[in-house]
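The block underneath contains the structure these notes are about, expressed in structure tokens.
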Amino acid sequence: METKNHPATILVIDDEAPVRESLRDYLEDRSFTVLEAESGRQALDLMNKEAVDLVLLDLRMPEMDGLQVLRVLHSVFPQTPVIIVSGAGSLQDAIQCLRFGAWDYITKPVQDMGLLQHRMEKALERSNLQKQNDQYQHHLEELVKEKSSAIVNENEILKDALGDTIRVIDRLVERKDPYTAGHQKRVAVLADAISAYMNLNQNQREGLFLAATIHDLGKVTVPSALLVKPGKLTEPEFGVIKQHAAAGFDILKEARFPWPIATIVQQHHERADGTGYPLGIKGSEMLIESRILAIADVVEAMSSNRPYRFGRGIEATLAEIQRGIGSIYDPDAAAACLQLFEKKQFLFEEWRLV
């Protein structure tokens, strides 16, 4: 894995010299450039002088513990991925680290160095994609500024450019969670069909389609192991998963889209009776676009197969929607969705390979 046309530079922060030496030997054998720090303060001083692509951080260190270092790194170097490698942690420690900005969490002693390398490479891929997207968006903004005086229909050009940016973000999400590749696209297509059936105006349909295309953006903050875990999630694990709607909003809220995309993404797990998350709002407190997206998301997710479970099929899924009309799902949006499938004006099978 290389970044910026040179081997990735890894900073190992651990107060135990044998651990640092073991990681350094393994990583250097695989063409990584390795820097070492035995304390948090030494690490922060080093990062102010050297370009670092990824940090491996121990939690239990004297003077300045790993959580304190993590908070500073997340604040000062937000684009540098941090993977916690700790031998004295619990599930609560892992959850707290993820909330403070860690990209992943691995316990030591590391029995499978190949797994560590895989997690590092995935983190570097995500980091590079985010940097590329930032550069792309910056270039896009500069291009719009330069050309604005000569553009007759600036609003339409800007919409097209923002649509391109959203498609870049969509690819970023799918890199994080390949098992649901195509999920966002299929949800967007169904949401658009429902919004057309309900006669939403063209501007609302455009905003909904683009929001649906990246509605799971916040999952880039969720460990991959939780996204594909077979069987029932524990309550703390599900709590981490549930943060993705709010995380998506936080990522998008500063973007000046001509549609309420951040809010649509934030509300796509809210429910008509107020039992959803993250806000617990209900009914008309939700945007109509969010109410449509909530149904499209459930229909696609429940009816589709995943590597860790079989889909319930479209008939069983629609029966579930029917049972939830008015309590869980918006009555108008749910009725439109059911009508689309009953009249065969929408066939999901056509979108399985999108």
Among the residues of the range 241-264, the number that are within 20 Å of Lys282 (Cβ to Cβ) and either assigned to a loop (DSSP other than H, G, I, E, B) or among the hydroxyl-bearing types (Ser, Thr, Tyr) (or both) is 2
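Going through the range 228-240 one residue at a time, which ones are surrounded by fewer than 18 Cβ atoms within 10 Å (Cβ to Cβ) and outside any loop (DSSP other than H, G, I, E, B)?
Of all residues in the range 228-240, those surrounded by fewer than 18 Cβ atoms within 10 Å (Cβ to Cβ) come to 228-236, 238-239.
Scanning the range 228-240 gives Glu235, Pro236, Phe238, Gly239.
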Of (1) over 22 Å from Asp15 (Cβ atoms); (2) in contact with a helix residue (DSSP H, G or I) (Cβ under 6 Å, 6 or more places away or on another chain), Pro78 satisfies every one except (2)
Counted residues in the range 23-80 being hydrophobic (A, V, I, L, M, F, W, C), outside any helix (DSSP H, G or I), surrounded by 16 or more Cβ atoms within 10 Å (Cβ to Cβ) and within 28 Å of the chain's Cα centre (by Cα) come to 8
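Within the range 290-323, count every residue that is among the acidic types (Asp, Glu) and under 19 Å from Leu227 (Cβ atoms). Steps first, answer last, please.
Residues of the range 290-323 among the acidic types (Asp, Glu): 297, 300, 315, 320.
Pick out the ones that are also under 19 Å from Leu227 (Cβ atoms) and you get 297, 300.
Number of matching residues: 2.
What about Leu124, is it of a type outside the set (Asp, Glu) and surrounded by 17 or more Cβ atoms within 10 Å (Cβ to Cβ)? Steps first, answer last, please.
Working: of a type outside the set (Asp, Glu): yes; surrounded by 17 or more Cβ atoms within 10 Å (Cβ to Cβ): yes.
When the stated conditions are applied, Leu124 passes them.
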Flagged in the range 289-316 as surrounded by fewer than 20 Cβ atoms within 10 Å (Cβ to Cβ) and of a type outside the set (Lys, Arg), in numbering order, are Ala301, Met302, Ser303, Asn305, Pro307, Tyr308, Phe310, Gly311, Gly313, Ile314, Glu315, Ala316
For His268, the lone unmet condition from (1) buried (at least 21 other Cβ atoms within 10 Å of the Cβ); (2) touching a residue at least 60 places away in the same chain (Cβ under 8 Å); (3) in a loop (DSSP other than H, G, I, E, B); (4) not hydroxyl-bearing (Ser, Thr, Tyr) is (2)
Answer yes or no: is there a residue in the range 85-93 that is at pLDDT 85 or above and in a helix (DSSP H, G or I).
no
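Yes or no: Leu11 surrounded by 17 or more Cβ atoms within 10 Å (Cβ to Cβ), assigned to a helix (DSSP H, G or I) and at pLDDT 90 or above?
Numbers: surrounded by 17 or more Cβ atoms within 10 Å (Cβ to Cβ): yes; assigned to a helix (DSSP H, G or I): no; at pLDDT 90 or above: yes.
The answer is no for Leu11.
From the residues in the range 133-167 that are at pLDDT 75 or above and either among the small types (Gly, Ala, Ser) or under 16 Å from the mean Cα position of the chain (by Cα) (or both), which one is surrounded by the most Cβ atoms within 10 Å (Cβ to Cβ)?
Just the residues of the range 133-167 that are at pLDDT 75 or above, to begin with: 133-139, 142.
Now drop any that are not either among the small types (Gly, Ala, Ser) or under 16 Å from the mean Cα position of the chain (by Cα) (or both), which leaves 133-134.
Details: Asn133: 15, Asp134: 11.
The qualifying residue surrounded by the most Cβ atoms within 10 Å (Cβ to Cβ) is Asn133.
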With criteria (1) assigned to a helix (DSSP H, G or I); (2) touching a residue at least 40 places away in the same chain (Cβ under 8 Å); (3) surrounded by 17 or more Cβ atoms within 10 Å (Cβ to Cβ), His215 comes up short on (1)
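The values are calculated or read from the model by the stated rules, or taken from the named source; none is laboratory data. A quick note: this is a predicted structure, and the numbers were derived from the prediction, not measured. Virtual Cβ from ideal backbone geometry, glycine too; neighbours counted across all protein chains shown.
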